[in-house]
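Inspection log for the structure reproduced underneath, given as structure tokens.
The values are calculated or read from the model by the stated rules, or taken from the named source; none is laboratory data. This one's a predicted model, so the numbers in the text were calculated from it and none came from an experiment. Virtual Cβ from ideal backbone geometry, glycine too; neighbours counted across all protein chains shown. Accessible surface areas use protein heavy atoms only, side chains included; no ligands, DNA or RNA. Shrake-Rupley method; radii C 1.70, N 1.55, O 1.52, S 1.80 Å.
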Amino acid sequence: MLLDIVFLIVGLGLIMLGANMLTDGASAIARRRGVSDLIVGLTVVAFGTSAPELVISIVSAIHGSPELAIGNVVGSNIFNVLVIIGVTSMIMPMKIDRTIMTKDIPLVVLSALALLAIGNGRLLDGDAVNEVSRVDGILLLLFFAIFMRHTFSTATDGALPDPGAESEAAGKPVMSMGKSVLWVLIGLGGLVFGGDRFVSGASGIASGLGVSDAVIGLTIVAAGTSLPELATSVTAAVKGKPGIALGNVIGSNIFNIFLVLGSSAVIRPLPFGSIGNLDLLVLTVACVLFWVFGWIIGHRTITRGEGAVLTAGYVAYVTWLVINA
């Protein structure tokens, strides 16, 4: 058990370091190639914060731990909406642009509904088991391609300008091409090796405690892989830039379901196992509340009170998981 805990901590550390180095290196390469800061933020940075989930889910699929792969994605997305949006809103109420409310957050809700439908294959289509099949994985990746097309189109139209972020980026020296490539390679190495150690440690702890991979994936792994998003969002809120936190969560949630789960399922079909409708409904309801709080109740602002409601919802969900583990 002690060795598993060490693997878990070391693996998570390597994943965080690798994701950070990969993002920095890729961003520098993109800027040197003439790609705008906005495009980099909507693509490279979003991928970087989802890299831990991507690596862990793919490694879990390869190692035959499908519940850990799915639980990682479902738990991370629940954590992103309920905790990150909740905590960030309590620090600084989040004003949401109309374009984000009409185009981006609906995609977050759509991704949750798509996963809810896939997770009910036995009920809807008479399948033998509820699983994310290879066909489902391919469809999720196609949705991801549509999202990326939408992202580039939005950036081109200038619908999401962020002059402050662009000026900061402009004043920051860009690392050399050689160093950028080295950072990308080291980052990828850290992600791959760290992901392998993390999955081994998490699975070992689950076996030692008699807890399923699903519960570990929905809680410890999900919270651990969401640390980049949490750190980025809280820091942004403290600096008075809650919009960064908002884009972080939106991009990460869509990446997690469409890219992470899609890629993992293409490698190996992923049975849901003990991950059931309660978990999928919690995710769906959380995403709908995210939209309702911003669009209807808060007049495009998520208030401190609404943030507290979201955070309390996560506490209640985790408490239920622990009691019923």
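Which condition number in (1) within 21 Å of PHE258 (Cα to Cα); (2) crowded, with 24+ Cβ neighbours inside 10 Å; (3) modelled with pLDDT under 80; (4) not polar (S, T, N, Q) is the one that GLY25 fails? The failed condition is (1).
For the range 300-310, does any single residue satisfy the condition of being within 15 Å of the chain's Cα centre (by Cα) and polar (S, T, N, Q)? So far as the range 300-310 goes, no, none of its residues is within 15 Å of the chain's Cα centre (by Cα) and polar (S, T, N, Q).
Within the range 72-108, restricting attention to residues that are among the hydrophobic types (A, V, I, L, M, F, W, C) and more than 23 Å from ASP279 (Cα to Cα), the residue that is surrounded by the fewest Cβ atoms within 10 Å (Cβ to Cβ) is MET101.
For (1) of a type outside the set (Gly, Ala, Ser); (2) modelled with pLDDT under 75; (3) open to solvent by 60 Å² or more (accessible area, probe 1.4 Å), each residue gets a yes or a no:
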position	(1), (2), (3)
ARG149	yes, no, yes
GLY158	no, yes, no
GLY164	no, yes, no
SER167	no, yes, yes
LEU182	yes, no, yes
ILE186	yes, no, yes
GLY204	no, no, no
ASP213	yes, no, no
ALA222	no, no, no
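Screening the range 200-242 for residues that are in contact (Cβ under 8 Å) with a residue 40 or more places away in the chain and hydroxyl-bearing (Ser, Thr, Tyr) and picking the one that is nearest to ILE275 (Cα to Cα) gives SER212. Among the residues of this structure, THR319 counts as one that is open to solvent by 40 Å² or more (accessible area, probe 1.4 Å) and closer than 28 Å to GLY210 by Cβ.
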